[in-house]
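Below is one structure, written out as structure tokens, with a few remarks after it.
Every read-out reported here was derived from the displayed coordinates using simple, explicitly stated rules and does not represent laboratory data. Everything quoted here is computed from the prediction, not taken from an experiment. Positions of Cβ are backbone-derived with ideal geometry, glycine not excepted, and every protein chain shown enters the neighbour counts.
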Amino acid sequence: MRVAVIHDWLDTCGGAELVLEQLLLCYPEADIFTLVDFMPEGERGFLRGHKITTSFIQRLPGARRYFRHFLPLMPRAIEALDVSQYDLVISSSWAFAKGVKISLGQAHVSYVHTPIRYAWDQQELYLQQAISREPLRKLARFFLARLRRWDIKTAGCGGQLVANSRFITERIQQCWQRDSIVLNPPVTVDDFTCTEVKDDFYVTVSRLVHYKAVETLVEAFNLMPDKHLVVIGDGPMFSRLQAMAGPNVELLGYQSREVVIDHLQRARAFVFAAHEDFGIVLVEAQACGTPVIAYGQGGALDSVIPYENTGVLDGACAPTGLFFDQQTPASVVVAVERFEALGEGISPRACAANAARFAPEIFRREFMAIVERALGASDGLFALHRDKLHSRDSLIDPIDESWSAEE
């Protein structure tokens, strides 16, 4: 069986690349297809010498530095990747990968990190941050409207859609009107050691951008001068946060992996105010035996077992954190005070045990089971249309003629 793995682009290691690494471990003979490959040499180890095919964008002038500026070309570029000779196509997609063209008789499983955020719910935020002039914003809105139509149309190319959280399942239904199943992403929990003795500080780890809501946490701890918050991460909001932080709030900027793990292990609790698709760092904190105090929306609902107001456990599982219901400083303050009132109500061992269910080997086993079911469905389709297979016609042709170069 020939396997193709489609990835949006390769330029740095993040959560999507952790998923890609596990997919390649599932299918060690797979070939990789991606829009561009500018992954630094020192970070390429997880690719393990797999054959990589890139799109025409790779060869465009300035692509290495500015490939994101070629966004309008990406739908065509992903469709132009030829995977017709593969039996199984796996896409790992937060933008374009799921739109690869699939032929009749091929099985396609698409692991969806999220529908394209800047084309859907974060459009205005994206435009405000990326484009300063209103005429250009109007042009961008026109393009993003077409991108949404393409995004919906090509959702049908993923024979089986797999969402990385229940929240993303809801977004897929809302944006694409498609059903999906949930498989949470892998987390390298073995990299962390459960530490039961904690220091008296709280920690958050995040890129310092607006939607991560770190500002809310800083404002909250400004209201609690007797409690110490450590903020690890860098980004465009660093200077603003540094200026507003009280003496009990410490901003460390970017730190090495070793420093991050050390703080996650020693912290009294991990605090998090973002509305994330999943939030791998929430699992990493629990793997260190550290409870989580998080905004109770998005992926946190999949990874944190909350302690209810009455003290009743969620089902038969021991609690691993608390939720607050509004992204406001006051809501964070109430949650922290409630957490401290619990005393020993949340144990480090319970946190680490909960994190263990996100181990990479569990992800691989469950993903391969999904693929086996998809292959069975594809075999049935193959038999049903045996007389048409020689033509390699597309089962669903995702090309929208509105993308034509003539326009």
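Its DSSP H runs of at least 4 residues, each contributing -39,500 (n - 2.57), put the calculated 222 nm mean residue ellipticity of the chain at -11000 deg cm²/dmol, to the nearest 500. Normalised by residue count, the chain yields a Cα convex hull volume of 153 Å³ per residue. With one equal scatterer per alpha carbon and no solvent term, the Debye-computed log10 I(q)/I(0) for region 189-357 at 0.09, 0.13 1/Å reads -0.25, -0.54.
Most exposed first by the Cβ proxy, i.e. fewest other Cβ within 10 Å, how do Ser55, Ser331 rank? Please list the in-between numbers first.
Values: Ser55 25, Ser331 18.
By the 10 Å Cβ count, ascending, the order reads Ser331, Ser55.
From Cα pairs below 8 angstrom and at least 6 apart in sequence, can you work out the relative contact order of the chain, rounded to a whole percent? Each step should come with its number before you reach the end.
Working: 779 pairs, mean separation 64.6, N = 407.
Normalised by residue count, the contact order of the chain is 16 percent.
Tally Lys/Arg at +1 and Asp/Glu at -1 over every other residue whose Cβ is under 13 Å from the Cβ of Ser206; what's the total? Walk me through the numbers before you get to the answer.
Working: positive: Arg207, Lys212; negative: Glu215, Asp234, Glu276, Glu284.
Residues close to Ser206 contribute a combined charge of -2.
Among Lys51, Lys198, the order by Cβ neighbours within 10 angstrom, fewest to most, reads Lys51, Lys198.
Between Val209, Val371, Val271, the residue with the greatest mean-square fluctuation in the GNM of the chain (Cα pairs under 10 Å linked by springs) is Val209. Projected onto their three principal axes, the Cα atoms of region 257-339 cover extents of 37, 30, 25 Å, largest first. The alpha carbon radius of gyration of region 121-245, expressed as a multiple of 2.2 N^0.38 Å, is 1.46. Within the chain, the whole DSSP H helices whose Cα atoms reach 24 Å or more along their own axis and whose mean Kyte-Doolittle score is at least -0.5 are 360-384. Based on Cα contacts under 8 Å between residues 6+ apart, region 189-357 shows a relative contact order of 25 percent. Could you work out which residue, out of Arg268, Arg364, Arg137, moves most in a Gaussian network model of the chain, that is, has the largest mean-square fluctuation with Cα springs under 10 Å? Of Arg268, Arg364, Arg137, the Gaussian network model singles out Arg137 as fluctuating most.
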